[in-house]
């Protein structure tokens, strides 16, 4: 059975719902909704990814290759390299219920993690996020 695909607008609507669930700062949600501005979070603080050309290029690559919509990015230095977690909405509605789950104040979000130091180690998976003051950061 073939999975039903979705439009960019449908994916954006789902992304906005997720951003609200993550308690992201309202103006960042509005910027995404109205102007496709993806927010980049560094230790809860956020700014728009278009200010970083390398991230803007990576967003386009991911969205074009996987027909998804990136709605947020976190940045971390982990023991295995410098990583960016691209939070995204997939092309298939059947997967949307599992894109983000919340338990005990922690959020588990589906993402593409780009290991900038070792691209071969980049992969899709679930990351654990914490919300605070309208921002998010990866904690696991």
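What follows draws every value from the coordinates through simple rules; no lab data is involved. Everything numeric in this text was worked out from a predicted model, so none of it was measured. Note that we place each Cβ from the backbone using ideal geometry, even for glycine, and neighbour counts take in every protein chain shown.
If we count other beta carbons within 10 Å of each Cβ, what is the order of 78, 129, fewest first?
Working: 78 11, 129 23.
Ascending number of Cβ neighbours within 10 Å: 78, 129.
For the residue pair residue 30 and residue 98, what label-to-label distance in nm results when each label sits 7 Å from Cα along the Cα-to-beta-carbon direction?
Computed distance between label sites residue 30 and residue 98 equals 3.6 nm.
Please check: in the Gaussian network model of the chain (C-alpha springs, under 10 Å), which one of 13, 54, 76 has the largest mean-square fluctuation.
With Cα springs under 10 Å in the chain, the top fluctuation among 13, 54, 76 is at 54.
Quick check: the distance between the Cα centres of the range 40-83 and the range 126-140, to the nearest angstrom?
Between the Cα centres of the range 40-83 and the range 126-140 lies a distance of 14 Å.
Please say if the range 1-84 is rounded, prolate or oblate, where rounded means a/c under 1.5 for a ≥ b ≥ c the square roots of the C-alpha gyration tensor eigenvalues, and otherwise the choice is prolate for a/b larger than b/c and oblate otherwise? Show your work: numbers first, answer last.
Working: a/c = 1.71, a/b = 1.25, b/c = 1.37.
Note, shape of the range 1-84 comes out oblate.
Quick check: residue separation of residue 79 and residue 44 times 0.36 nm, minus the Cα distance between them. What number comes out in nm?
Taking residue 79 through residue 44 to full extension adds about 10.6 nm, to one decimal.
Let me know the Kirkwood hydrodynamic radius for the chain, please, with Cα pairs as the basis and the value in Å to one decimal. Can you show the working numbers first?
Numbers: mean 1/r = 0.0668 Å⁻¹.
After inverting the mean inverse Cα-Cα distance, the result is 15.0 Å.
How far apart, in nm, are two points set 7 Å out from the Cα along the Cα-to-Cβ line at residue 17 and at residue 106?
2.5
Roughly speaking, what is the stretch gain from residue 56 to residue 128, that is 0.36 nm per residue apart minus the C-alpha to C-alpha distance, in nm to one decimal?
Details: separation 72, 0.36 × 72 = 25.92 nm, distance 2.31 nm.
The span from residue 56 to residue 128 would gain 23.6 nm if fully extended.
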